[in-house]
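The structure under discussion appears below in the form of structure tokens.
The values are calculated or read from the model by the stated rules, or taken from the named source; none is laboratory data. From a predicted model like this one, the values you see are computed outputs, not experimental measurements. For neighbour counting, all protein chains shown are included, and Cβ atoms are generated from backbone atoms with ideal geometry for every residue, glycine included. The protein model used for the area step is the full one, side chains on, heavy atoms only, and it has no ligands, DNA or RNA in it. Shrake-Rupley method; radii C 1.70, N 1.55, O 1.52, S 1.80 Å.
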Amino acid sequence: MKLEKRHIDFENYCKQIIGLQIVSVDYYEIAYDKINPTPNYKTHYSEIDSIDFSIVLHMTNDKVEIFWDGEFYQFGIGLRINEKSVFDGYQSWNVSDSNLWSNITGQKIVDLEIAWELVKTEEQKTGKKEEYIYPQDLTLIFSNGQKVFISAAGFLNQNDPEVYGLLDNLTVTTNEDLARKVKMIS
């Protein structure tokens, strides 16, 4: 698959976060119950979290938001650096001390990888075919060797064994084998 200039520009934009040190991490979710808010990001896999729309990495002097986005094709990975979130009506949870993030807090991002996917569409009425290349997964690599895998995917049903892409959801884990098993990454 051949990346276009806009794809390379996105990769270069994302690479701006290399060298930043994580201070804390928040998940932003839909406020399903505003009276008695509770976290909804836990899954039946203890090492996978499922987030409605974004993960915010608070850095020493910066803020990075990773979210599902439709810039290249609906429900790919998006990233904002030091920008206000566009999501309203959310609840946030500090997850810095969770099992998933506790080894990451205080670490610097030393590299990142974007997994691009190709999707082909065909319009029913006209037969017009189109191809889209979009960022499906983002892997962050930290100074302690730890990796965080983030995919624009989700479980359709609570106990599904695998995630499905092209959903308005993010899944995140530090377990690469598990990420492959549930098809978060290929």
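Quick notes
- Global form of region 21-118, assessed from the alpha-carbon gyration tensor, a/c cut-off 1.5: rounded
- For region 42-94, the equivalent ellipsoid built from the Cα gyration tensor has semi-axes of 19, 16, 11 Å, listed from largest to smallest.
- Take the Cα of R180, step 7 Å toward its Cβ, do the same at R6, and the gap between the two points is 3.3 nm.
- With a 1.4 Å probe rolled over the protein heavy atoms of all chains, the accessible area of L79, L166 falls in the order L166, L79, largest first.
- When +1 charges are put on Lys and Arg Cβ atoms and -1 charges on Asp and Glu Cβ atoms, the dipole computed for region 64-163 relative to its Cα centre reaches about 120 debye.
- The smallest convex shape that holds all Cα atoms of region 82-149, its convex hull, gives 172 Å³ per residue.
- Ligands, DNA and RNA left out, the accessible area of region 90-129 computed with a 1.4 Å probe is 39% carbon and sulfur.
- Karplus-derived HN-Hα couplings along region 69-85 (A = 6.51, B = -1.76, C = 1.60, θ = phi - 60°), whole Hz, x at Gly and Pro: 8, x, 4, 9, 6, 3, 6, x, 7, x, 8, 10, 10, 6, 10, 5, 5
- Net lengthening on full extension, T60/N159 (0.36 nm per residue, minus Cα-Cα): 31.9 nm
- In straight-distance terms, cross-link reach from K147 covers every one of the aspartates and glutamates whose alpha-carbon lies under 19 Å from its own, apart from those fewer than eight places away in the same chain; here that gives E11, D26, E47, D49, E65, D97, D111, E113, D137, E176, D177.
- Taking every protein chain into account, the accessible area of region 86-168 amounts to 57 square angstrom per residue (probe 1.4 Å).
- Over the residues of the chain, the helix contribution to mean residue ellipticity at 222 nm works out to -2500 deg cm²/dmol, using -39500 (n - 2.57) for each DSSP H run of at least 4.
- Phi-derived couplings, Karplus 6.51 cos²θ - 1.76 cosθ + 1.60 at θ = phi - 60°, listed residue by residue for region 176-184: 5, 4, 5, 4, 5, 4, 8, 6, 5 Hz, with x used for Gly and Pro.
- Shape class for region 140-186, computed from the alpha carbon gyration tensor (a ≥ b ≥ c): prolate, with a/c not under 1.5 and a/b above b/c.
- Pairs of Lys residues in region 1-125 are counted when their Cα atoms are under 29 angstrom apart and they lie 8 or more places apart or on different chains; the count is 22.
- Dipole moment magnitude, nearest 20 debye, the chain about Cα centre, only Lys, Arg, Asp, Glu C-beta charged: 240
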